[in-house]
Amino acid sequence: MEPSTEPSLRTARTGGVATVTLHHPAKRNAMTPAMWRTLPRLLEELAADDSVRVLVLTGAEGTFCAGADIGALRAAADDGGGGDAAREQRGLAVAAEEALAAFPKPTLAAVRGHCVGGGCQLAVACDLRFASEDALFGITPAKLGIVYAASSTERLVRLVGPATAKYLLFSGELIDAAHALRTGLADETHPDAELDKRVAEFARTLASRSRLTQAAAKEFADGRTDASRIDHWQREAETSGEAAEGVTAFLERRAPRFTWPG
């Protein structure tokens with residue numbers, strides 16, 4: 001049986017790492033409304049799966065994501081949706097982005113080819129971004145007369161700073177991986193042939209580390225530093241036994257066996 005060519009999100013699990021692949025290669029993995037709707041539900045399932053410790057987001061067949069499927073948007077408008085169709089698609093994109101940003105485990109975008117518009121929106125919502133040296137990044141609402149969502153703009157500014165965010169949003173220009181690396185939009189770049197190996201290696205490293213440390217660090221880095229959350233994580237640290245295991249493993253010269261949340 002031939003594999004399905006329908007736009008979809010495909011999931012694979014290996015050794016604590018779940019890889020979600022955006023699959024719509026006929027349109028460089030542009031996100032359809034159905035794909036936007038599916039992503040939050042899929043993330044909820046993976047968050048609840050204790051065997052999943054790390055999430056990798058990538059695209060099929062040599063490109064990450066060319067953004068929203070404009071063809072689907074036009075079809076909705078032709079059916080009478082008009083501005084309501086555009087508004088709905090933007091709302092779906094923001095909901096998917098927020099679900100990805102809120103995912104409680106480390107997330108890593110593996111970026112090849114085009115990472116544009118809604119695709120860049122998803123990559124920015126990940127904790128980290130590793131890219132091939134031929135990757136292209138861009139946020140293109142200025143080419144379409146679209147107002148980029150306030151929450152998405154704020155997240156972009158926190159990542160790359162206001163000047164780079166304005167450069168991307170004002171111009172709609174694509175930047176290469178080297179530029180993305182200089183500005184903080186990418187964390188590492190690698191030759192295309194080496195990217196999968198590096199992503200898998202780093203994902204395994206993340207999966208071996210303390211989930212307690214990662215979960216607390218993710219909240220604090222994202223600005224959740226109110227007293228109740230600080231107290232929560234202090235209690236978890238005191239009762240989890242993670243620190244004792246880490247120190248014992250170090251002294252015994254072995255890999256730690258972290259078990260939180262147990």
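The values are calculated or read from the model by the stated rules, or taken from the named source; none is laboratory data. Note that the structure is a prediction, hence the values are computed from the model and not measured. Virtual Cβ from ideal backbone geometry, glycine too; neighbours counted across all protein chains shown.
Working only within segment 231-262, note down all residues that are outside any loop (DSSP other than H, G, I, E, B), aliphatic (A, V, I, L, M) and in contact with a helix residue (DSSP H, G or I) (Cβ under 8 Å, 6 or more places away or on another chain). Selection gives Ala237, Ala243.
Quick grid of which residues meet (1) closer than 30 Å to Asp69 by Cβ; (2) touching a Pro at 6+ places or on another chain (Cβ under 9 Å); (3) at pLDDT below 95:
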| residue | (1), (2), (3) |
| --- | --- |
| Leu156 | yes, no, no |
| Leu159 | yes, no, no |
| Tyr167 | yes, no, no |
| Leu195 | yes, no, no |
| Phe220 | no, no, no |
| Gln234 | no, no, no |
| Pro261 | no, no, yes |
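For Leu168, the conditions (1) more than 25 Å from Lys27 (Cβ to Cβ); (2) of a type outside the set (Ser, Thr, Tyr); (3) over 16 Å from the mean Cα position of the chain (by Cα) are fulfilled apart from (1).
Selection within segment 176-196: residues that are within 19 Å of the chain's Cα centre (by Cα) and of a type in the set (A, V, I, L, M). The member of this set that is surrounded by the fewest Cβ atoms within 10 Å (Cβ to Cβ) is Leu181.
Checked against the criterion of being under 16 Å from Gly67 (Cα atoms), assigned by TED's automatic domain parsing to the domain that holds Ala177 and part of a loop (DSSP other than H, G, I, E, B), segment 98-107 contains not a single residue that satisfies it. Residue-level check: of (1) among the small types (Gly, Ala, Ser); (2) over 22 Å from Phe130 (Cα atoms); (3) in a helix (DSSP H, G or I); (4) without any contact (Cβ under 8 Å) to a residue 24 or more places away in the chain, Ala217 misses just (2).
Considering each residue of segment 126-139, count those that are surrounded by 24 or more Cβ atoms within 10 Å (Cβ to Cβ), free of Cβ contacts under 8 Å to residues at least 60 places away in the same chain and not basic (Lys, Arg), and give that number. Qualifying residue count, segment 126-139: 2. What are the residues in segment 145-186 that are in a loop (DSSP other than H, G, I, E, B) and free of Cβ contacts under 8 Å to residues at least 40 places away in the same chain, if any? Gly145, Val147, Tyr148, Gly161, Gly172, Glu173, Gly184, listed by residue number. Looking at Asp78, Asp84, Asp69 in this structure, which one is at pLDDT below 95, surrounded by 20 or more Cβ atoms within 10 Å (Cβ to Cβ), farther than 20 Å from Ala203 by Cα and among the acidic types (Asp, Glu)? Sole residue among the options that is at pLDDT below 95, surrounded by 20 or more Cβ atoms within 10 Å (Cβ to Cβ), farther than 20 Å from Ala203 by Cα and among the acidic types (Asp, Glu): Asp69. Just give me the residues in segment 22-74 being in contact (Cβ under 8 Å) with a residue 24 or more places away in the chain and basic (Lys, Arg), in sequence order. Lys27, Arg28, Arg37, Arg53, listed by residue number.
When the residues of segment 88-139 are filtered to those that are charged (D, E, K, R) and closer than 13 Å to Thr58 by Cβ, the one that is nearest to the chain's Cα centre (by Cα) is Arg129.
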